[in-house]
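Presented below is the structure to which this report refers.
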Amino acid sequence: MSKAKICQHLNNIPVCLKSLWYFLQSDCLCVCFQDGGLLINNPTALAIHECKLLWPNTPVQCVVSLGTGRYETASKNNTTSTSLKAKITNVISSATDTEEVHNMLDALLPPNTYFRFNPYMSQDIPLDESRPERLTFLQEEGTRYLERNEAKLNKAASVLALEKSAIQRLAEWCKLKADMYEGLPFISKL
């Protein structure tokens, strides 16, 4: 495969972005990339899973999940409609719902470990909005959200700033040494 062809495919990688458009499937170097928003629109649980694979014996200290904002429409909770359009809309809504992952993690992770920041938006604004007045409006909404959630923000900051205990540092040092000498005879470890 040519370098230009690889670069063309790699340009399709930001498939995890929540957006108003759909990224077409892209095959690159025997890997199939698909629009992440259709399967994992809030990838926090996936990130925790990957951390557990990399560091299986290390407890999660803190997870901060940053949303792009959410806008609730009045028709979202309309369950009486059975039209095909309503069914398709419901399938798309559930496939791209970020709050279900949030609710699950909030219930499963230990207290003061998981922090989700995802402001309610008073207007539905697309992610590709670029008009200065609309961006100013978004900044103002974000500032109000952070002001209302200052205690939560401060708690997340304090958890992130925690120092490791002496026991944690010693355990990590021992694990590092064990990993360094793995496979060598015991006598050479002394």
Over 23 Å (Cα to Cα) among K155/K175; K52/K177; K152/K175 -> K155/K175; K152/K175
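What's the FRET efficiency of R70 with K164 using the Cβ-Cβ distance as r and R₀ = 30 Å, to the nearest 0.05?
0.30
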The aspartates and glutamates whose Cα lies under 18 Å from the Cα of K164, excluding any fewer than 8 residues away in the same chain, are E172
Note: probe point = Cα of Y181 + 7 Å toward Cβ; backbone nitrogen < 15 Å; residues of segment 48-65 passing the test are none
Note, Q61: beta-carbon cut-off 12 Å, +1 each Lys/Arg, -1 each Asp/Glu, net 0
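Could you order peptides 42-50, 139-147 by the average number of other Cβ atoms within 10 Å of their residues, highest first?
42-50, 139-147
Read-outs throughout are calculated quantities, based only on the coordinates presented, and are distinct from any laboratory measurement. These figures come from a predicted structure and were not determined experimentally. Virtual Cβ from ideal backbone geometry, glycine too; neighbours counted across all protein chains shown.
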